[in-house]
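The values are calculated or read from the model by the stated rules, or taken from the named source; none is laboratory data. None of the values given here were measured: they were computed from a predicted structure. With ideal geometry, Cβ positions are generated from the backbone for all residues, glycine too; neighbour counts draw on all protein chains shown.
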Amino acid sequence: MDKTDDAESLLATALQDMLAGERLLAERLPVVAAHARTAALSEALDREIARARLQADWLAADARSAGGPPNLWMQGIMDDAARDTETIDGGPLLDAAMVGAVRKALAAKHVSYETAVALAERLEEADLAKTLRRCRDEEAASDHRLAAILEQCAAAAA
């Protein structure tokens, strides 16, 4: 495996990693989301799936995002979420666990987007930085909405 030795290469690696993560989330979240019991969570997860698809399209538009290895952090998060659907009783407890899983994915994505923004800005790629900032900011907004849903799930589970 070649070593990454400059900002341009690291940005390409970041784009590849984020694209793989967005595609994996878009592919696997629908199976998990099918277990949501509350309308608010179901709607929020549908938005996350649509946003992952859209962000994957934005990332794929940059030729540097092609290739790259699987995204192991997203795979692990989605493996845990799938396991939750099999081991936690349906209802508020499972809904709370699903919120937690998606928030973990959003946190990982947020940090990845921040890294890519910093690199794109350093490389004076203003258009790419703008797109990546928009994605990063959407992660934060989604996390805030899901935190409110978590409160509802926790109250219903008590």
Under 8 Å between Cβ atoms, which residue pairs at least 6 apart in sequence (or on different chains) link something in segment 30-54 that is closer than 16 Å to Glu86 by Cβ with a partner that is at pLDDT 95 or above and of a type in the set (Gly, Ala, Ser)? Val31/Ala82; Val32/Ala81; Val32/Ala82; Val32/Ala101; Ala33/Ser42; Ala36/Ser42
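Every residue in segment 102-136 that is among the charged types (D, E, K, R), in a helix (DSSP H, G or I) and more than 19 Å from Asp17 (Cβ to Cβ), please.
Arg103, Asp127, Lys130
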Kindly list the number of the only condition in (1) of a type in the set (A, V, I, L, M, F, W, C); (2) surrounded by 15 or more Cβ atoms within 10 Å (Cβ to Cβ); (3) modelled with pLDDT of 95 or more that fails for Ala148. (2)
Failed condition for Arg133, given (1) surrounded by 22 or more Cβ atoms within 10 Å (Cβ to Cβ); (2) out of contact with any Pro (no Cβ under 6 Å at 6 or more places or on another chain), with all others met? (1)
I'd like to check something: does segment 108-118 contain any residue that is crowded, with 18+ Cβ neighbours inside 10 Å, touching a residue at least 40 places away in the same chain (Cβ under 8 Å) and among the basic types (Lys, Arg)? yes
Check off (1) of a type in the set (D, E, K, R); (2) part of a helix (DSSP H, G or I); (3) at pLDDT 95 or above for Glu139 and give me the number that stays unchecked. (3)
Go through the residues of segment 50-69 one by one and say whether even a single one is out of contact with any strand residue (DSSP E or B) (no Cβ under 9 Å at 6 or more places or on another chain), surrounded by fewer than 16 Cβ atoms within 10 Å (Cβ to Cβ), assigned to a loop (DSSP other than H, G, I, E, B) and of a type in the set (A, V, I, L, M). yes
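Name every residue in segment 19-57 that is in contact with a Lys or Arg (Cβ under 7 Å, 6 or more places away or on another chain), aliphatic (A, V, I, L, M) and closer than 26 Å to Gly68 by Cβ, in order of residue number. I'd like the intermediate steps shown before the answer.
Just the residues of segment 19-57 that are in contact with a Lys or Arg (Cβ under 7 Å, 6 or more places away or on another chain), to begin with: 21, 26, 44, 56.
Next cut, aliphatic (A, V, I, L, M) only: 26, 44, 56.
Listed by number, the residues that qualify are Ala26, Ala56.
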